[in-house]
Structure formats: C-alpha cells, structure tokens
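Contents: one structure, followed by commentary.
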Amino acid sequence: MAVKDEKSEEGIATERKWGLAMTGEPMSFDPAALDLLQRVNQYLSTRRIRAYLVGGFVRDTLVCRSTADIDIAVDADALTLAAGMAHEIGGKFVPLDEEHKIARIVQLKKGESEEPWYIDLSTMEGDIQQDLKRRDFTIDALAIDLKNMVENPEACQIIDPTGGQEDLKQRLVKAVDDQVFESDPLRLLRAVRLSAELDFSIAPETQTLMRRDCRLIFRSAGERVREELLRIFATNQAAGAVRMMDNLGLLTATIPELEAMRGVEQPKEHHWDVLNHSLETVGSVDYLLRRGTWAYAGKEVLEDIPWSAELEQHFDQEISTGSSRASLTKLAGLFHDVAKPETKIISNGRVRFFGHTKQGAAATSKILERLRFTNKEIGLVELMVRYHLRPTQMSHEGMPTRRAIYRYFRDTGAAGIDIIFLSLADHLAARGPDLDMEQWKWHVGQANHILAECFQHKEIIAPAKLIDGHDLLNLFGLKPGPQIRSILEAVKEAQAEGEIHGRDEALSYVKNRLL
C-alpha cells in the first residue's frame with residue numbers, strides 16, 4: 001500500500017497506535033511467540049510444508065494487541081500434521097473440525113498462571129490468496145509467510161488481498177464478500193465480538209448484510225454461540241455490543257425469548273421498558289465492576305460503591321472455560337427480567353410482575369442449556385436471576401440483621417456477592433437519568449453493610465457446626481424427621497446473630513426450644 005510523504009501529527013499518532021507495520025516500520029512480535037513459532041517452523045520446514053500466519057494473530061500484532069491465539073494455514077492435512085507437531089513442541093492435540101481439517105495445539109506457557117498458547121492449524125483451500133479471500137472479515141484476511149517471518153521478522157511482508165490493513169487503519173470490521181454469513185452464520189456474532197474487543201465500527205455495508213442474514217444464526221451449534229457470547233460479555237463494551245446485536249436483529253434471533261420483553265411497560269419508577277432496562281443493566285454492571293462507563297451516572301454515583309482488591313479478585317474468578325463471575329453477572333443482567341412479560345398484571349392501576357424472579361430463573365436455565373453453557377455457569381446465573389430482588393427485601397428500615405444476612409447467603413450460596421452488585425445495577429438501570437440520589441445512597445449503604453459483615457465476620461456466612469442430628473437423637477430423644485433439620489437451622493441462625501458461641505450454649509438453646 002502506498003504511503004503519502006506528508007502526514008499530520010494526528011495521522012502518525014493513529015498509525016503508531018494501530019500498528020507500526022502500516023507506516024513501513026518493522027513489525028514487533030512477542031519474543032515468546034517468536035520462540036514458539038521458530039520451533040513450529042522447524043517442524044514444518046523439515047517436511048517441506050508451506051505455512052502462513054493468518055487471521056487474528058497478524059491483526060493483533062498490527063494493532064499492538066497481545067494475544068495467545070496463533071492461527072496457521074498449511075498446504076497439508078492439518079489434522080494429520082497437528083498430532084506430530086504437538087508431540088514435537090510439547091503441546092496437546094485437539095481436533096476442532098474434521099470436515100474442514102482444522103486442529104488445535106494447546107501448549108502451556110512457562111508461568112503456571114499464564115494463559116496457554118492456542119495454535120490453530122487449518123488446511124489451505126487453494127493458494128494463500130484464495131484461502132484469504134474465503135475468510136470472514138478483511139482485517140482477518142491477512143497473512144505472513146511463516147518461514148520468512150522467523151528468518152527475518154523485521155522485514156516480513158504482509159499478504160493482504162482484500163484491503164484489511166486499510167480497514168485496520170479505519171478501525172472497521174468489514175465482510176470479505178456478501179456470502180460471508182451464509183457460509184458460516186456464527187460470523188454474525190464474531191463481527192459484533194471483534195467490534196467490541198477492538199473498539200471498531202462495523203462497516204455500514206456489512207451491517208446491511210447482517211440484518212439480511214441475522215436469522216441464519218439458528219444454524220450455529222450452541223457450543224459455538226456460547227463461546228462468542230461469553231467473549232462479548234467479557235469485554236468492557238458488552239452493553240454497546242448487545243445493543244448493536246439488537247439493532248441488527250441478531251439479539252432476538254440468537255435468543256428469541258427476549259423479543260417478548262420489547263415494549264413491555266413498567267411501573268412509573270422505571271425509565272425504560274423491560275427490554276431496554278435489561279440492556280442498560282448489562283452496562284450498569286460493567287460500570288459498577290469498574291470495567292466500563294455508563295452514560296447515565298456521574299462520579300458521585302460511584303463514590304460509595306464498595307470495592308476492594310478482594311472484590312476485584314472475586315469477579316475475575318473463572319467459573320468455566322471462557323467465563324468469569326464478571327461476564328456471568330452481566331449475562332444475568334440481560335436475563336434478570338426475562339419473565340416479566342408473562343407475569344405482568346395491573347393491580348389497582350399499578351403494573352406488577354408477581355413471580356417473575358422464580359419463573360425468570362427457570363426460563364434462563366432453559367436458554368443457557370440450549371446454548372450449551374456448563375452446569376456451573378447455569379447454576380450461578382440462575383441463582384442471580386432468582387434472587388436479584390432479595391438484597392432490597394432484607395430490611396425496609398435500617399440495616400439488615402445478622403440473622404437476615406445469614407439467611408441471604410444460605411439461600412444464594414455462591415452467588416451472594418454477585419447478586420448484591422446485580423441488585424445495585426438493576427437499581428441504576430431502572431431509574432437511569434431520573435436517579436434519586438437519596439434512595440441510591442440508602443441502597444449503597446445497605447450493600448456496604450452486607451459486604452462488610454460478609455468479609456469481616458465469616459461466622460455469619462458459615463457458622464461452625466456445634467451440634468448435629470445425632471446429638472438431637474441421642475441427647476433429646478427426638479425422632480428422625482423435618483424437626484431435626486428445623487432445629488439445626490435455628491441453631492445456625494442463633495450463632496449468626498451472636499446468641500450462641502459454643503456447644504454447651506447450643507445444647508442449652510435446644511433444650512429451651514423443646515420445653
């Protein structure tokens with residue numbers, strides 16, 4: 001691509017931000033990746049196999065974005081090749097797509113906590129130019145000859161038959177041709193995901209294609225849809241991405257159950273209808289977790305929100321491969337009112353949604369099962385949806401008692417902390433620009449109190465076992481049955497409240513209860 005001799009300072013700064021190679025300067029490769037690729041090249045060269053770095057690795061290198069994903073196209077059967085290569089470089093071979101001959105090699109990095117390298121090998125269709133023209137987006141239709149790259153990384157040339165480098169400079173996600181989504185409908189979600197991850201725009205002509213083909217997404221396997229959705233919700237642009245999906249017709253094509261939420265009126269306290277409120281909740285979760293901005297909140301809204309290194313670590317925790325507590329809390333924000341349309345009634349002139357939390361939890365579970373989310377992910381999101389109103393129901397005057405806090409964490413289990421933040425996000429997304437700061441500060445104060453008790457007094461959340469069922473049977477002559485469980489639960493509540501501190505006090509408490 002020809003480069004003009006004269007550039008504005010702003011233009012030069014933009015090019016430096018989005019990739020040194022675009023200005024004619026050398027590309028900069030991760031030394032660890034370069035070392036790995038030298039070993040891969042040695043294995044392929046001894047077998048006289050031509051190979052090219054393609055797709056995301058080239059794109060991310062150009063935009064100075066770190067990545068653990070390496071895509072390599074080879075002029076050989078990738079499935080046959082991958083097993084031997086995995087053994088040679090000390091990785092694990094995983095067949096991804098036997099029909100299209102795509103394989104993955106997973107190689108652990110030196111640091112135990114580091115994300116492993118993922119090397120995806122694909123079998124080229126025709127020569128490299130033809131292969132690139134069959135790919136999804138121009139910014140992914142880029143290649144570098146692997147042998148040339150490892151031998152002289154500073155002088156390697158980029159193969160770019162579709163103008164991907166120019167689209168990188170323009171920060172555009174653009175389809176290679178108008179059959180891209182028909183060839184693989186999952187690319188519909190991938191376009192949104194790339195836009196969110198890179199903070200790029202989707203080209204207008206590509207948006208037109210997406211609106212045309214959005215209904216094709218049903219042809220994609222649930223497992224693949226799950227992976228793309230989780231990657232979207234992992235970004236700091238999740239709310240904008242979900243809003244974009246809705247504007248393109250892709251959101252309800254992917255999750256038809258959400259369509260019934262559109263236009264459903266809410267009580268006067270709400271600024272938006274049910275669907276728009278839910279979309280805004282995704283954004284307010286991001287905002288409260290310090291992962292993104294939210295247009296309707298100023299600095300004063302965030303001032304007293306509880307936050308600490310412990311909370312940040314909590315939300316960074318991996319739940320299953322590809323998901324974290326943060327991403328699943330945002331997902332729960334999208335689904336938390338999914339049952340409002342079917343539970344809506346008007347009582348005494350007021351709109352109500354009796355039972356929407358319980359029915360919403362069941363509906364969410366079915367949706368996530370269809371999309372092949374793991375049982376652990378489904379269980380966590382289901383709990384968040386079921387109990388998202390619970391934090392504000394624990395006390396209507398003053399702060400919740402220790403007994404109420406114990407019952408809350410008993411019922412919400414592993415989702416207790418997540419639900420507190422979902423509840424706050426729900427509050428923000430209900431009021432929007434009409435937020436009443438006095439009500440908000442009360443809610444925030446309550447959240448702070450619950451979390452302080454949780455972190456500072458672990459005995460409230462998980463009281464030590466002082467007595468068990470055998471004690472009740474042997475010392476008090478009780479018979480097996482529901483009464484045993486009821487008494488043991490009452491003892492735990494009394495412990496949480498600070499009324500009981502040891503075994504003798506627990507036995508005395510039971511004795512007095514049975515009198």
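The values are calculated or read from the model by the stated rules, or taken from the named source; none is laboratory data. Owing to the predicted nature of the structure, the values given are computational and were not obtained by experimental measurement. Heads up, the Cβs are rebuilt from the backbone with ideal geometry, glycines too, and the neighbour counts pull from every protein chain shown. Ligands, DNA and RNA are stripped out before the accessible areas are found, and what is left, the full protein with its side chains, is counted by its heavy atoms. Shrake-Rupley method; radii C 1.70, N 1.55, O 1.52, S 1.80 Å.
A quick yes/no check of all residues on (1) farther than 14 Å from I70 by Cα; (2) modelled with pLDDT under 95; (3) open to solvent by 50 Å² or more (accessible area, probe 1.4 Å):
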position	(1), (2), (3)
E88	yes, yes, yes
E99	yes, yes, yes
D120	no, yes, no
T138	yes, no, no
K147	yes, yes, yes
N152	yes, yes, yes
C156	yes, yes, no
G164	yes, no, no
Q170	yes, no, yes
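Looking at L194, L251, L216 in this structure, which one is closer than 27 Å to P433 by Cα, touching a helix residue (DSSP H, G or I) at 6+ places or on another chain (Cβ under 9 Å) and either part of a helix (DSSP H, G or I) or without any contact (Cβ under 8 Å) to a residue 12 or more places away in the chain (or both)?
Only one candidate passes the filter, namely L251.
Go through the range 457-466 and count every residue that is under 20 Å from W307 (Cβ atoms) and open to solvent by less than 40 Å² (accessible area, probe 1.4 Å).
Residues in the range 457-466 being under 20 Å from W307 (Cβ atoms) and open to solvent by less than 40 Å² (accessible area, probe 1.4 Å): 0 in total.
Does V351 qualify as being surrounded by 19 or more Cβ atoms within 10 Å (Cβ to Cβ), β-branched (V, I, T) and touching a residue at least 40 places away in the same chain (Cβ under 8 Å)?
Working: surrounded by 19 or more Cβ atoms within 10 Å (Cβ to Cβ): no; β-branched (V, I, T): yes; touching a residue at least 40 places away in the same chain (Cβ under 8 Å): yes.
No, not satisfied.
Quick one: E342 ticks every box in (1) within 16 Å of L279 (Cβ to Cβ); (2) open to solvent by 50 Å² or more (accessible area, probe 1.4 Å); (3) of a type in the set (D, E) except a single one, so which number is it?
Unmet for E342, out of (1) within 16 Å of L279 (Cβ to Cβ); (2) open to solvent by 50 Å² or more (accessible area, probe 1.4 Å); (3) of a type in the set (D, E): (1).
Step by step: first the residues of the range 440-456, then only those that are open to solvent by less than 50 Å² (accessible area, probe 1.4 Å) and not aliphatic (A, V, I, L, M), then the one that is farthest from A506 (Cα to Cα). Which residue is that?
W440
Tally up the residues in the range 406-439 that are acidic (D, E), within 14 Å of H277 (Cβ to Cβ) and crowded, with 22+ Cβ neighbours inside 10 Å, please.
Final tally of qualifying residues: 1.
Of all residues being of a type outside the set (S, T, N, Q) and open to solvent by 10 Å² or more (accessible area, probe 1.4 Å) in the range 229-250, which is farthest from Q317 (Cα to Cα)? Just the residue, please. Before you say what the answer is, go through the steps one by one.
First pass over the range 229-250, keeping only residues of a type outside the set (S, T, N, Q): 229-234, 238-246, 248-250.
Imposing the further condition that a residue be open to solvent by 10 Å² or more (accessible area, probe 1.4 Å) reduces the set to 231, 234, 239-240, 243-244, 246, 249.
On the way: R231: 15, A234: 12, A239: 21, G240: 24, R243: 26, M244: 27, D246: 29, G249: 32 Å.
Restricting to residues being of a type outside the set (S, T, N, Q) and open to solvent by 10 Å² or more (accessible area, probe 1.4 Å), the top hit is G249.
Quickly run through the range 381-405 and pick out the residues that are open to solvent by 10 Å² or more (accessible area, probe 1.4 Å) and within 21 Å of D316 (Cα to Cα).
Hits for the range 381-405 are E382, L383.
Output the residues belonging to the range 461-515 that are of a type in the set (A, V, I, L, M), under 19 Å from R402 (Cα atoms) and part of a helix (DSSP H, G or I).
I461, I487, L488, A490, V491, A494, A496, A506
Just give me the residues in the range 67-117 being in contact with a helix residue (DSSP H, G or I) (Cβ under 9 Å, 6 or more places away or on another chain), in a helix (DSSP H, G or I) and not hydrophobic (A, V, I, L, M, F, W, C), in sequence order.
G84, E88
Take the range 30-53 and flag every residue that is surrounded by fewer than 17 Cβ atoms within 10 Å (Cβ to Cβ), of a type in the set (G, A, S) and over 21 Å from S66 (Cβ atoms).
S45
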